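Visitor: Would you mind keeping the following structure in view while I ask a few things?
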2 protein chains.
Amino acid sequence: MLIKKVFIMRIKRSILAVLATILLLNHPVGFAASQWRQLDASNTVLMTLPYGKVVVELAPNVAPNHVKQFKQLIKKGFYNGNKFYRVIDGFVAQAGPDERHDNAPELAIESEWTPAKNWSFMGVQNDDLFAPQTGFLNGFPVGYSAKENKAWLTHCPGMLAMARGNAADSGSSHFYFTIGQAPRYLDRIMTVFGRVVYGMNTIQAIKRTATIAGEPPVSAKFFTPIITMQMMSDVPKNEQIIVEVEDTSSDKFKAKLAARRDRKSAFFYKKPPQVLDICQVPVLSRLVKSK
Amino acid sequence: MLIKKVFIMRIKRSILAVLATILLLNHPVGFAASQWRQLDASNTVLMTLPYGKVVVELAPNVAPNHVKQFKQLIKKGFYNGNKFYRVIDGFVAQAGPDERHDNAPELAIESEWTPAKNWSFMGVQNDDLFAPQTGFLNGFPVGYSAKENKAWLTHCPGMLAMARGNAADSGSSHFYFTIGQAPRYLDRIMTVFGRVVYGMNTIQAIKRTATIAGEPPVSAKFFTPIITMQMMSDVPKNEQIIVEVEDTSSDKFKAKLAARRDRKSAFFYKKPPQVLDICQVPVLSRLVKSK
């Protein structure tokens, strides 16, 4: 359905716009009657950039100490005025404080975990290039090795992770968002602890700091600043952005996976391989009115 | 090297900026003494958007009829003033003329080809999720099935492809750039015929037209226009952007692949799987002075 709409080109745009509006009024994006999960405001970050607002859901169950410290820093106003100083198109947008010593304690890495015996996730693909299994856990993309009984969040576009030095346990406050083809080779060696659920287009607007050979470097005065970073629960009610995300454990989501795996639309005159790239399955969000 | 630099965070930014400048002055990005290939201006497109300029290399050997028609349309000024009317973050940015009938003939699809017996490409990965083999051919990412003896360009970020209706042979003038995690399920059923070699950050700046549920639709008056689209060979010499790209058939590039496959840097305290995602191997560009 999504794809079909994307490549239709013989209908006047005006008609498309009307159709799109009708669809939006009647249904959540792309399919009706989906199941949605509301986010916990105390576990959700509102980052304000010059170009717009970004909402990030944190993953305390996966990276409890990183999330705890990140929240503490946010509540202190630590990131307000920080800049995205290392931004490489197609790779990462990295931000952090300007000082050599940022006074945030270094953390033991939380790049993977040992699942409990009764754990389950929504399976997406076996024998993925980078993981024996992939799937979703509470909307987050995960890799899993049953043999090792280890699971990890994967570096799909829009994931939030802690930067670090060479030592595994050296992350503290500098962080990055992935902004291009998933750098999956960083899976299991970086602490991924959040996911952009609103405003990925705003993340993509962050000024690139890396240039190619032959171009002058980008002056630091053009680096994108973080105007404010707040926990959503600390934002006045009338300024909150209330986001719901697809419940990736729902039957509706399972059906969506099946439909993406086995494309029925006439657009697919020749069917693609029945496989799914975990990072190419969108987990949709929707805005709801604040209460 | 690239990665190590990305995640370094304990050195003052001022020092980093100086180091970066020194590196840029002495070496092409990332590694010294690479082999570079200059582009043929008569096979290169200059697209001017409100946010900057984009250079696209076409693939006439892969999709001769699509490239031929695209060039003819460009030379007529066909795309000047066209808008990116369907732009979905993380997926595609699609543009084309406003009219129902664009007067460009429909083309037989060129989504894959049958390689000659003596063909070769720079191999990257066997048993990729979507292809038996992947690799590079003249800087373009390809998939290959030896069993079928078919090859195709893959939908990596920054690829240019022709849109179409449901019928395979219905593409004519509407085109799209891929702007997110590679939608590889479109491989072999869409005609991919070019690659962004400069200005991918400008492509990422294109105004998204798709919103999520709960947001108002984007008015067509905000859609990003193509100011001009020209063949580089038709651009006055002093306004040309001369781009060279890594020669993906070179030994230097082969060594780069090997280094990405087997990470030696201390940053990788635990080594990733020795596999490569064809869409996550950057083929670098550099600017050279016009002659």
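The values are calculated or read from the model by the stated rules, or taken from the named source; none is laboratory data. These figures come from a predicted structure and were not determined experimentally. Cβ sites come from the backbone with ideal geometry, for glycine too, and all protein chains shown count toward neighbours. SASA here: full protein model, heavy atoms, side chains in, ligands and nucleic acids out. Shrake-Rupley method; radii C 1.70, N 1.55, O 1.52, S 1.80 Å.
Visitor: How much of the calculated P(r) for the range B:45-146 lies past 21 Å, in percent of all Cα pairs?
Guide: Here the tail beyond 21 Å accounts for 51 percent of pairs.
Visitor: Now a separate question. Between B:K271 and B:K289, what is the label-point separation in nm under the 7 Å Cα-to-beta-carbon projection?
Guide: 4.4
Visitor: How would you order A:123-136, A:166-179 from highest to lowest mean count of nearby Cβ atoms within 10 Å?
Guide: Top of the packing list down: A:166-179, A:123-136.
Visitor: With angles folded into 0 to 90 degrees, how steeply does helix B:251-261 sit against the dominant principal axis of chain B? Use alpha carbons for both and round to 10.
Guide: So the inclination is approximately 80 degrees.
Visitor: Which distance in nm do the two modelled labels at B:R261 and A:N126 give, with both placed 7 Å along the Cα-to-Cβ direction?
Guide: According to this spin-label approximation, the distance is 2.7 nm.
Visitor: Also: Averaged across the residues of A:258-267, what count of C-beta atoms belonging to other chains lies within 10 Å of each residue's C-beta?
Guide: 2
Visitor: Give me the residues in the range A:68-107 whose solvent-accessible area, probe 1.4 Å, is reduced by at least 30 Å² once all protein chains are included instead of the chain isolated.
Guide: Residues meeting the cut-off: A:Y85, A:R86, A:D89, A:F91, A:Q94, A:D98, A:R100.
Visitor: Moving on to the next point. At B:E148 and A:K117, where each label point lies 7 Å from the Cα along Cα→Cβ, what is the point-to-point distance in nanometres?
Guide: Modelled inter-label distance: 4.6 nm.
Visitor: Beta carbons within 10 angstrom, averaged per residue: use that to sort the peptides B:238-247, A:198-207, highest first.
Guide: Sorting B:238-247, A:198-207 by mean packing, highest first, produces A:198-207, B:238-247.
Visitor: Can I ask one more? Send over a whole-number figure in Å² for the accessible area per residue of the range B:219-291, probe 1.4 Å.
Guide: 51
Visitor: Calculate, in nm to one decimal, what A:K221 and A:Q38 gain on full extension: separation in residues at 0.36 nm each, minus their alpha carbon distance.
Guide: 62.1 nm
Visitor: Give me a single rounded figure for B:211-224: the average over its residues of other chain Cβ atoms within 10 Å of their Cβ.
Guide: 5
Visitor: Okay, next question. Just want to confirm a number: the relative contact order over the range B:155-264, from Cα pairs under 8 angstrom separated by 6+ residues, in percent.
Guide: After rounding, I find 20 percent.
Visitor: Calculate what fraction, in whole %, of the accessible area of the protein assembly as shown sits on carbon and sulfur atoms when a 1.4 Å probe is rolled over the protein chains.
Guide: Carbon and sulfur together cover 54 percent of it.
Visitor: Also, quick follow-up: Build a GNM of chain B with springs between Cα atoms under 10 Å: which of B:W36, B:W152, B:W119 gets the top mean-square fluctuation?
Guide: Highest fluctuation among the options: B:W119.
Visitor: Once the range B:173-242 is represented by equal point scatterers at the alpha-carbon sites, with solvent omitted, what log10 I(q)/I(0) does the Debye formula produce at q = 0.15, 0.29 Å⁻¹?
Guide: One equal scatterer on each Cα of the range B:173-242 leads to -0.76, -1.40.
Visitor: Based solely on its DSSP helices, what 222 nm [θ] is calculated for chain A when runs of n ≥ 4 H residues each add -39,500 (n - 2.57) and the sum is averaged over all residues, nearest 500 deg cm²/dmol?
Guide: Here the helix-only value at 222 nm equals -5000 deg cm²/dmol.
Visitor: At 4 °C and 1.567 mPa s, grab the translational diffusion coefficient of the protein assembly as shown from Stokes-Einstein with a Kirkwood Rh over Cα pairs, rounded to a whole number in µm² per second.
Guide: Diffusion coefficient, whole number: 53 µm²/s.
Visitor: Sum up the charges of everything whose Cβ sits under 13 Å from the Cβ of A:V55, counting Lys and Arg as +1 and Asp and Glu as -1, but leave A:V55 out.
Guide: Charge balance near A:V55 sits at -2.
Visitor: Say we join alpha carbon atoms closer than 10 Å with springs in a Gaussian network model of chain A; which of A:K117, A:K76, A:K150 then has the biggest fluctuation?
Guide: Taking springs between Cα atoms under 10 Å, the residue moving most is A:K117.
Visitor: Follow-up. Using only protein heavy atoms and a 1.4 angstrom probe, determine the accessible area buried between B and A, summed over both sides, in Å² to the nearest 100.
Guide: What B and A bury together is about 7600 Å².
Visitor: Can you give the direction-averaged projected area of the convex hull of the alpha-carbon atoms in chain B, in nm²?
Guide: 18.3
Visitor: Let me ask something additional. Counting alpha carbon pairs within less than 8 Å and at least 6 residues apart, what relative contact order, in whole percent, applies to the range A:41-88?
Guide: So the answer I get is 21 percent.
Visitor: Could you work out the mean count of beta carbons from other protein chains within 10 Å of each residue's beta carbon in A:117-129?
Guide: Average neighbour count from other chains, rounded to a whole number: 1.
Visitor: Please state the relative contact order of chain B as a whole percent: Cα pairs under 8 Å, 6+ residues apart?
Guide: Across chain B, relative contact order equals 26 percent.
Visitor: Where the centroid of each part is defined by its Cα atoms, how far is the range A:203-275 from the range A:82-97 in Å?
Guide: 16
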